[in-house]
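Please treat every number below as a calculation from the coordinates, not as lab data. Just so it is clear, the model here is predicted, and its values are computed rather than measured. FYI the Cβ positions are ideal-geometry reconstructions off the backbone, even for glycines, and counts take in every protein chain you see.
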Amino acid sequence: MNEIFGIPIQAFLGQLLLGLVNGSFYAMLSLGLAVIFGLLGIVNFAHGALYMIGAYVAWLSLEKLGLNYWWALLLAPLAVGALGVFIERTMLRRLYKLDPLYGLLLTFGLALVFEGLFRDQFGVSGQQYPVPELLRGATNLGFMILPNYRAWVVVASLSVCLGTWFLIEKTRLGATLRAGTENPRLVQAFGINVPLMVTLTYAGGAALAALAGVLAAPVIQITPLMGSNLIIVVFAVVVIGGMGSILGSIITGIALGMVEGLTKVFYPEASNIVVFVIMAIVLVIRPTGLFGKEM
Amino acid sequence: MTVSTGKDDPALPGVPVAKRLSVSRIGQLTWMAVLAFLLAAPFVGVYPIFLMNALCFAIFACAFNLLLGYTGLLSFGHAAFMGSGAYATGWLVRSAGWSPEMGVLAGTLAAGAIGLVVGLIAIRRQGIYFAMITLAMAQMIYFICLQAPFTGGEDGLQGVPRGVLFGVLPLADDLAMYFVVLAVFVAVFLGIVRIVHSPYGQVLKAIRENEPRAISLGYDVDRYKLLAFVLSTSLSGLAGSLKTLVLGFATLSDVHWSLSGEVVLMSLLGGMGTFAGPAVGAATIIGLQNYLADRVGSWVTVIIGATFVFCVLLFRRGIVGELLAWLRRNRAA
C-alpha cells in the first residue's frame, strides 16, 4: 500500500507528523493560557510574544554566549519566567479588581512592545537555529522516515504537558492552586500566600511559553512576528477546548494540529483557516467548548 | 437652573449660579468649534488626505465604540469589517465599474452581512471569549482576503478610481471628496448619538451594566446584541469603503489584527462610552502615526503598545472621559 485516498503515504504521514509537532506547540501554549486564566482571570495576549522571546533567547545564547540547545532549554524558561514575575508584579496586579477585558488589553499592549523591540533589534527576516547534534538525522520506521528532532519535540512537549497536568491535578501544590482558583480569600485565610502563588503561576505559564519557543526554534524561522500569528490560532484552540480543563486543552491542541496537517494534504488552500472553521462549528453546536463547563 | 437665585457659586465666586454653563452646553459649544475648524481646515493649509484618513478612522472608532462603550462587547476583530467594506468597494468600483455611491453602499452592506454571520457565532459566548472569538473569525477573514482571487493577494487592490458622485460631483478633486467624507462623518456621529439616546440604546446600556438583570427583565438580550453588532460592523464597513475611495487602494493591512487592536486603543485613549472619545482617539493615533512614521521607524509599534499599557494602567477614562469627569467635579463643587 503506497497510497491513501490517492495521496502517497509518505506525504500523508509526513504532514500528519508536522501536524503533530504543531499540535504539541498548540497544546503547550493553550495549557499555559488555561493555567493563567484559571488563577488570574486574565487572557494573556502576550503569550505569543513570550514564546517568541523564548526562541530568541535560545538563538542569542548560541550566537553570543556559545551556549548550546540544552542550556537554552533551561535558560529561556528561567529568563522569560523572570520577565513574567516582573510583568505580574508591576502591572497585572493592578488589574485584578477590574473587568477582565483590561487584562487582555494590557497584555496586548505588552505584546506590541516586545514585538516592536525585537523587530527594531533583529529585523523581520528569519533566523535559523541548528538542530542539536544529538537529535540530528532520521530513523527509518519501515513505513516512513522519522526525523529525530520532530519525534523529540512531540515527546518532550507531551511530557511537559502531562507533567503540568499531574502537578495541578494530582499534587498538594496543585490542590492549593485549584483552591485558589475557586476562592482566593478562603485560601488566603488558611495562611497561604495567594499573591505569591499568583505571581508564580504567571511566571510558570510564561516559562511554558518560552520552553515551547526553544523547542520550536530548530524547526521554524525565528522572527519577531512568529508569536502573534500563532497566538490567534491558540485562542481558537482554547475556545474550542474550553479553558476549564487542563487535559482538555492538551487533547484539543494536539488534535487540531493534526487536523491542520491533514488539511494540508487534502485541501491545502484551507489549511490556514480550518481551525477557525472548526471553532465556528463547535460554537454553534456546543457554545461552552468541547471540554468546557457551563458558566 | 433657570431661575437665578442671586447667590454666588461657591466654586466660582462672583459668578451667579445661573450663569454657569452646564456640561452638556460646553459639549455643544465644543462640537460647534470642532465642526467650524473641520469646515475651515482645508482652506488654512491642513493636508486634506490626512484629514480624510483621520475622519474615516474616526467613523470606524465611533462605530466600534457603539459596541464596546455602549453595549460592553469587546470585539477584537473589527478590522475584518472595515477591511471587507474596503475590499468590496474597491473591487466593485474598480473592476465592475460601479459608481462611488453604489460602491460605498455595497461595501457597507457587505460588511454588515459578514458582521451578521460573525455576530451570530460570537454572541454565543460572553466577555473574554467574545473577544477571542471575534479575533479568530477576523483572522479567518484575513486569510480569505489573502488567498481569494479577487483581492489581489499581497498587493491588494490598487488604483481604485474615485469616480463621480451621483453622476454630478467629481470626487477626484480632494476638496469635494473631503466634504463628502466630512458629511458622512457628521451623519454617522449624529446617528450614533441618536441610537444611544433611543429606547433601544437604553436597553444596550442595561445589557452593558448587568446582562443577567436585562435577561430577567424579559429582554431578548442576544437579539439586541446582534443588532448592535451588525450596526457597528456596517458602519465600520462604511469607514473602510470611504477610505478606499479616498486613498485609492485596499490592502491586507485593512484586515490585519493590528488594526483591530488600534481601534480598541483609539476608543480607550479617547474615552470609551463617550460620544466624542473615539473620534478624538482616532485623530490622536492617526496623527501620532503620521508624525512618527518617518522619524522612528519600527518604534511606532513600541510606542503604540506602550500607550496601550499606559491607558490601561493609569488612564482608563481616556482623554474625553477625564475632561468630562473634571468638568463635572468642578460643576458639582
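Per the helix-only calculation at 222 nm, which mean residue ellipticity applies to chain B, given -39500 (n - 2.57) for every DSSP H run of n ≥ 4 and division by its residues, nearest 500 deg cm²/dmol?
Helix-only estimate at 222 nm: -24000 deg cm²/dmol.
Sort out the exposed loop chymotrypsin sites (Phe, Trp or Tyr not before Pro) in chain A (DSSP loop, at most 11 other Cβ within 10 Å) and tell me the longest stretch that has none. It would help to have the intermediate numbers written out before the result.
Working: sites that count: A:PHE5, A:PHE143, A:PHE190.
Result, exposed sites excluded: A:6-142.
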Next item on the list: Compute the distance in nm between two label points, each set 7 Å from the Cα along the Cα-to-Cβ direction, one at B:ALA113 and one at A:ALA189.
Entry: 5.8
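Would you mind counting up the charge near B:ALA325? Only other residues with Cβ under 13 Å from its Cβ, with Lys and Arg at +1 and Asp and Glu at -1. List each step's numbers first, then the result.
Numbers: positive: B:ARG316, B:ARG317, B:ARG328, B:ARG329, B:ARG331; negative: B:GLU322.
Once positives and negatives cancel, what remains is +4.
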Note to self: At 222 nm, what value in deg cm²/dmol follows for chain A if DSSP H runs of at least 4 each add -39500 (n - 2.57) and the sum is divided by all its residues, to the nearest 500?
What the structure shows: -24000 deg cm²/dmol
Check: Whole-Hz Karplus ³J(HN,Hα) for the range B:144-161, in order, using 6.51 cos²θ - 1.76 cosθ + 1.60 and θ = phi - 60°, x for Gly and Pro?
Finding: 5, 5, 5, 9, 5, x, 9, 9, x, x, 5, 7, x, 9, 9, x, 7, x
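Per residue, what volume in Å³ does the convex hull of the Cα atoms of the range B:47-256 enclose?
Values: hull volume 22.3 nm³, N = 210.
Convex hull volume per residue, Cα atoms: 106 Å³.
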Check: Using alpha carbons only, how many degrees (0 to 90, rounded to 10) separate the axis of helix A:69-90 from the longest principal axis of chain A?
Finding: 30
Next item on the list: Would you calculate the separation in nanometres between label points at B:ALA306 and B:ARG329, each defined as 7 Å from the Cα along the Cα-to-beta-carbon direction?
Entry: 2.6
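Could you give the size of the charge dipole of chain A about its Cα centre, using +1 on the Cβ of each K and R and -1 on the Cβ of each D and E, expressed in debye and rounded to the nearest 20? Before the final figure, lay out each step's value.
Values: 15 positive and 12 negative charges, 134 e Å.
The calculation lands at about 640 debye.
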Notebook entry, point to check: B:LEU169: net charge of surrounding residues, Cβ under 11 Å, Lys/Arg +1, Asp/Glu -1, itself excluded?
Noted result: -1
Item checked: Nearby aspartates and glutamates by direct alpha-carbon distance to B:LYS243 (threshold 18 angstrom, same-chain neighbours under 8 apart not counted) -> B:GLU101, B:ASP155, B:ASP173, B:ASP174, B:ASP254, B:GLU262
Notebook entry, point to check: Helix A:194-216: angle to the longest alpha-carbon principal axis of chain A, degrees 0 to 90, nearest 10?
Noted result: 10
Checklist line | Cβ-placed point charges (K, R +1; D, E -1), dipole of the range B:47-256 about Cα centre in debye, nearest 20 | finding: 500
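How would you rank A:MET258, A:MET144, going from fewest to most other Cβ atoms within 10 Å of each one's own Cβ?
Details: A:MET258 19, A:MET144 16.
Ascending number of Cβ neighbours within 10 Å: A:MET144, A:MET258.
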Margin query: Could you tell me how far the Cα centroid of the range B:215-243 sits from the Cα centroid of the range B:95-173, in Å?
Written below: 16
Check: Among the aspartates and glutamates, which have Cα under 19 Å from the Cα of B:LYS205 when same-chain residues fewer than 8 positions away are ignored?
Finding: A:ASP99, B:ASP220, B:ASP222
Notebook entry, point to check: Given the C-alpha centroids of the range B:53-93 and the range A:76-140, what is the distance between them in whole angstrom?
Noted result: 29
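Size of the dipole of the protein assembly as shown about the Cα centre, Lys and Arg at +1 and Asp and Glu at -1 on the beta carbon, nothing else charged, in debye to 20? Write out the running numbers ahead of the final one.
Numbers: 36 positive and 27 negative charges, 359 e Å.
The dipole of the protein assembly as shown has a size of about 1720 debye.
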